[in-house]
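K.L.:
Got a structure for you, questions after.
The values are calculated or read from the model by the stated rules, or taken from the named source; none is laboratory data. Everything quoted here is computed from the prediction, not taken from an experiment. Here Cβ is always computed from backbone atoms with ideal geometry, including for glycine, and neighbour counts include all displayed protein chains. Accessible surface is based on the protein model in full, side chains and every heavy atom, while ligands, DNA and RNA are left aside. Shrake-Rupley method; radii C 1.70, N 1.55, O 1.52, S 1.80 Å.
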Amino acid sequence: MSLLNTDYAARTMTQPLFDKYYYTKPDFVNGTSRFLQVCRESIPPGAEILEIGAGPDNACSEAFSKMGTVTGVDVDPDVKTNKFLSRAFVFDGNRMPFADASFNACVSNFVAEHVEHPIEHFKEVARVLRPGGVYCLRTPNLFHYVSMGAYLMPHSLHLLLANRLRSLAQDAHDPYPTWYRANSRGQLRKLCRIAGMPNPSITMIEPEPSYGRAHALLFYPMMAYERMVNLSSALSGFRCNILLAARKPM
């Protein structure tokens, strides 16, 4: 059986579980929808938006394009194929090719974990934001079992496992190298303070266990974990993802 067929079989086997316990529930909201809600609440209509790590066409870029005019920047030339961007730039991952105070908002979706020099990154974001502008991001929480596993294992092993555990298609993009230097509430508050964007709003979420797609034997314990950490705010520090909105003072 090919890898593609194996992935298809895994998705077929676990899809009824996701439907039963998550997708058919009237109060279910997935992680992407929650992130986009933070963005909509923080970004004024018609804003000039910079999407950092925009990549090729994706649902978030499409949603951002309905909030304002979106410029994309990425280290990967695939960003130039993203039809939801008004402009697309390739950069070196450090200095962004924009003048000071160019945007009303910056957004990034699962990018901060790949940033090797986060202090410089947050300072660059603050530089290109206009006064009163906001940086909205979603990133994994280092203190979640998935992130901690990825942090501790060699990147070569991460490449082997990450897409398989999520039952992604064979042609899905391999994960980029990760650093996890901006992946806790404490780290993010410190980075925002250094960059001059104090007192960020931070929300911790644990959505459906996407890494449980590979097999029911993974799904059930991961679902139990999701139920546990969502029981109490005292356990929020162990939830999967961090949603942040940090504003540059006027």
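K.L.:
Please calculate the 1.4 Å probe accessible area of residue 121, with all protein chains present, and give it to the nearest 10 Å².
P.N.:
20 Å²
K.L.:
Show the residues, 5+ positions off or on another chain, whose built amide H is closer than 5 Å to the amide H of residue 47.
P.N.:
69
K.L.:
Ok, one more. Taking the range 22-116, which trypsin sites (Lys or Arg not before Pro) meet the DSSP loop condition and have no more than 14 other C-beta atoms within 10 Å?
P.N.:
Passing both the DSSP loop test and the Cβ count: 66, 83, 95.
K.L.:
Separate question: Between 0 and 90 degrees, rounded to the nearest ten: what's the tilt of helix 118-128 against the longest Cα principal axis of the chain?
P.N.:
Tilt relative to the chain: about 50 degrees.
K.L.:
Could you work out what % of the accessible surface of the chain is carbon and sulfur, using a 1.4 angstrom probe and leaving DNA, RNA and ligands out of the count?
P.N.:
Its accessible area is 58 percent carbon and sulfur atoms.
K.L.:
Now, a different point. With Cβ to Cβ distances under 9 Å as the rule, what net charge do the other residues near residue 88 carry (K, R +1; D, E -1)? It would help to have the intermediate numbers written out before the result.
P.N.:
Details: positive: 80, 87; negative: 74.
With Lys, Arg at +1 and Asp, Glu at -1, the neighbours total +1.
K.L.:
What per residue convex hull volume, in Å³, comes out for the range 14-146 when only alpha-carbon positions are used?
P.N.:
Working: hull volume 18.5 nm³, N = 133.
It is 139 Å³ per residue.
K.L.:
Rounded to the nearest 5, what % of DSSP beta bridges with both residues in the chain are antiparallel?
P.N.:
Just about 40 percent of them are antiparallel.
K.L.:
Counting C-alpha atoms alone, how compact is the chain: give Rg to one decimal and Dmax as a whole number, in angstrom.
P.N.:
For the chain, the Cα-based Rg and Dmax read 18.2, 59 Å.
K.L.:
Okay, helix-only estimate at 222 nm for the chain: each DSSP H run of n ≥ 4 adds -39500 (n - 2.57), divide by all residues, round to 500 deg cm²/dmol; what do you get?
P.N.:
Taking each H run of at least 4 residues, the total per residue is -11000 deg cm²/dmol.
K.L.:
Same structure again: Net charge near residue 220, counting Lys/Arg +1 and Asp/Glu -1 over other residues with Cβ under 14 Å of its Cβ?
P.N.:
With Lys, Arg at +1 and Asp, Glu at -1, the net is +1.
K.L.:
Which of the aspartates and glutamates could a cross-linker bridge to residue 66, judged by Cα under 16 Å and excluding same-chain residues fewer than eight apart?
P.N.:
Result set, ordered by chain and number: 41, 48, 51, 57.
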